[in-house]
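Just so it is clear, none of the values below were taken in a lab; they were calculated from the coordinates. The structure displayed is predicted, hence computed values, not measured ones. Cβ atoms come from the backbone with ideal geometry, glycine included; neighbour counts cover every protein chain shown.
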Amino acid sequence: MKAPARKFILQGLDCANCAAKIEAAVQQETGLQEAAINFSARSMYLPVEYVPRVQAIIDRIEPGVRLVEAAAAGDGVAAAINAERVERETVAGDVTGEGDERRQIAEIFTAAALLVIGLGFGGSLRQTPFAIGEYAVFLAAYWLVGRSVVAKAFRNLVRGEFFDENSLMTLATFGAIFIGELPEAVGVMLFYSVGETLQERAVDRSRRSIKALLDIRPDHATVKRSGTLERVAPAEVAVGETIVVRPGERIPLDGEVLEGNSLIDTSALTGEPVPRAVEPGASVLAGTVNLKGLLAIRVTRPFSQSSVAKILELVEQAGARKAPTERFITRFSRYYTPAVVGVALAVALFPPLIAGGGFSQWIYRALVLLVISCPCALVLSIPLGYFGGIGGAARHGILVKGANFLDALAHVDTVVMDKTGTLTQGVFRVQEVAAYNGFSQSQVLEYAAHAESFSNHPIAASILEAYQGEIDLARVEAYQEIAGHGVKARIDGKVVVAGNDRMLHREEVPHDECEAPGTVVNIAVDGRLAGRIIIADEIRPDAAAAVRALKSLGVAETVMLTGDDEKTARRVAAAVGIDHVRAGLLPEEKVAALETIAQSRKAKRGKVAFVGDGINDAPVLTRADIGIAMGGLGSDAAIEAADVVLMDDMPSKVAQAVTIARRTRRIVVQNIAFALGVKAAVILLGMMGMAHMWEAVFADVGVSLIAVLNSARALRV
């Protein structure tokens, strides 16, 4: 059996192009073809047995980067201690980084001053015995800002990395020095350093913004032990223990309220601004905030399995599921740099050899091309844009489990919805009990309640609630649940069936068709129709608004697939504005209906999303291009089954998810068009001798910086 993957932090990784190279090399290893680096979070998921091989790959490509396990497997103190250790090391690294940054800024200003002094000479010293003074000023400035780049370049060349950004920048500036363009060599390296510094700060700022959006982990838990209150790490609290949460504190673990009444702010998990009232018996989730009263809570799940822990883990893992655009750019970058270097070599050699003349101007033009031959603007900004979109969606209670799903959401033009639990609240109430053939209403309800006693369907729950009597399970034998039909059992020796019209036909029970404004449960005893129970479900308050919002976004079709009867389904569809209805479907018929819809939309290149409750609709969720589950505030089944989870069961969030996806994709496309457009223009101008290294360095680090800043907009939903 394959070992589960664990999360590892790549400490010291600050180069997007290097991350892409590491990822490509790791994916060449057997068993790691799906491994991916989330550069925005500096993380990747690996089985433990592969760690030495992956670390060896990292050492070869980017020495100094270390794989550090984020948290130990399992629950309890070990996980907490290991997580705290990684956190301390990361903080220490940040402090060291701040010191390095201050030194780097000082060196940049010193180099800039020396460049100004050198430019003041205007080349006047070159024809005098004091030419060495001009060289000394320029080379000193070059050494201050370029020595680390040159050192990395030589290390990479020794390892055979000829198309690394450091190698190309070093080669370009060395060439400029060789042909006497000292000011441009220093200027390019200076502005490259400035751009890299600003770019790193922008990336770090984006990372911190994403972390701030998602950092809803509680700091501590106050647990009752031996009559006293202890303040401990949430990971140290066991299931069954009682914790106390004061007003204003974040609830540290999932649990059930034992004592107290309060209002709970769930916006961190669901995006909903309206607080939720809780009382004894209510379930509460980790990551939410107690606003009002003192609460005593019995812990129901360990911290590692709490809703907040799972959400944060899934959001970070989402970086491993790359969008088609990301995969294209990764492939494109492998060919882009060698292609531009090849063009640069051709520009340096062929024109002077064919047309004659000096090599100097053509070598200079080739050096301009080398400066812009790194695809960092693309490999850095595009994953950051997608990760920002995923983080922003999570902050609003929309859990997208991968950039590929976010990308697909942007192309959704058909939304298929389940009825019960999606467009309706799934809260059924018995509205009417009718009795026939000598049976009384109480007998009909009694037989129905005993027949449904083993079912966990919401309709069964509503019948049991209406019965309000004691269920004697000893009276029930040979219970059988028939999917899409109903239930059958032997009660007091009599064969009792409870189900829809198809169930009566299946059991050959004589009956008339019944039309009622709700769900009809037919009860038959020993082949005779005993009665009918009319049950109604309530439409969700935002269901109609959800459908209107989808249509305003240009969604071509909205469809309802339900196992309920035709009349009830059409009543709900008319109330919320659904275009097409398919009713009375068995689970396998729902899948077939969805496949038919998907096939019809394929010719138009549209994507089909299915919205269901994530439990009964798992097969359909899996078959759809995008499976969207009503998460039920942390439903494990929903989170497991779907590609997107709406954490607060509001269908209107489907339109919001599509809006976020489209906005994120627009930002990504803007970055691609801007980066490729500027680089293509400067390459063309450079070949024509109309662009200098100043423009080239802007096309490299300047474009990267602008693209990163543009990507940060994806966080703002």
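Quick notes
- Residue ranges 694-702, 229-237 sort as 694-702, 229-237 when ordered by packing (mean number of other C-beta atoms within 10 Å per residue, highest first).
- From largest to smallest, the equivalent ellipsoid semi-axes obtained for the chain from the alpha-carbon gyration tensor read 63, 30, 20 Å.
- Given charges at Cβ of Lys, Arg, Asp, Glu: the chain dipole, positive-most of 36, 237, 529: 36
- Mean-position separation - Cα centroids, region 653-717 and region 238-308, in angstrom: 43
- Region 6-70 - convex hull of the alpha-carbon atoms, volume per residue in Å³: 71
- Cβ screening of the chain for cysteine pairs under 4.7 Å finds these without a partner: 374, 376, 514.
- Semi-axes of the equivalent ellipsoid for region 426-538, computed as √(5λ) from the eigenvalues of its C-alpha gyration tensor and ordered from largest down, come to 18, 17, 14 Å.
- Efficiency of FRET between residue 229 and residue 132 - r from beta-carbon atoms, R0 51 angstrom, step 0.05: 0.10
- Relative contact order for the chain, counting Cα pairs under 8 Å that sit 6 or more residues apart, in percent: 13
- By the helix-only formula, in which each DSSP H run with n ≥ 4 contributes -39500 (n - 2.57) and the sum is divided by residues, the chain has a 222 nm mean residue ellipticity of -16000 deg cm²/dmol.
- When only Cα pairs below 8 angstrom with a gap of at least 6 residues are kept, region 6-70 shows a relative contact order of 51 percent.
- Relative exposure of 173, 228, judged by other C-beta atoms within 10 Å (fewest first): 228, 173
- Least to most buried among 447, 436 (fewest other Cβ within 10 Å first): 436, 447
- Taking a Cβ cut-off of under 10 Å around residue 578, the surrounding Lys, Arg, Asp and Glu residues balance to a net charge of 0, with basic ones at +1 and acidic ones at -1.
- When the Cα positions of 497, 478, 382 are compared along the charge dipole of the chain, 382 comes out farthest toward the positive end, with charges on each C-beta of Lys, Arg, Asp and Glu.
- Low-density loop cleavage sites - chymotrypsin sites (Phe, Trp or Tyr not before Pro) in region 338-394, where at most 16 other Cβ are within 10 Å (DSSP): 359
- Membrane-span-like helices in the chain, defined purely by DSSP H runs whose alpha carbon atoms cover 27 Å or more axially and whose average Kyte-Doolittle hydropathy reaches -0.5, are 77-121, 131-158, 182-214, 324-355, 376-395, 653-687.
- Each other residue within a Cβ distance under 13 Å of residue 149 adds +1 if Lys or Arg and -1 if Asp or Glu, for a net charge of -2.
- Mean Cβ count within 10 Å, highest first, over the residues of peptides 675-682, 165-172: 165-172, 675-682
- Antiparallel bridge percentage (DSSP; both residues within the chain; nearest 5): 80
- Taking each of 602/679; 7/551; 653/679; 310/488; 322/653 in turn, the alpha-carbon distance tops 30 angstrom for 602/679; 7/551; 653/679; 310/488.
- Where N is the number of residues in region 633-705, Cα Rg divided by 2.2 N^0.38 Å: 1.89
- Dividing the mean sequence gap of close Cα pairs (under 8 Å, 6+ apart) by how many residues region 488-563 holds gives a relative contact order of 22 percent.
- Sorted on the mean count of surrounding Cβ atoms within 10 Å across their residues, most packed first, peptides 330-340, 533-543 read 533-543, 330-340.
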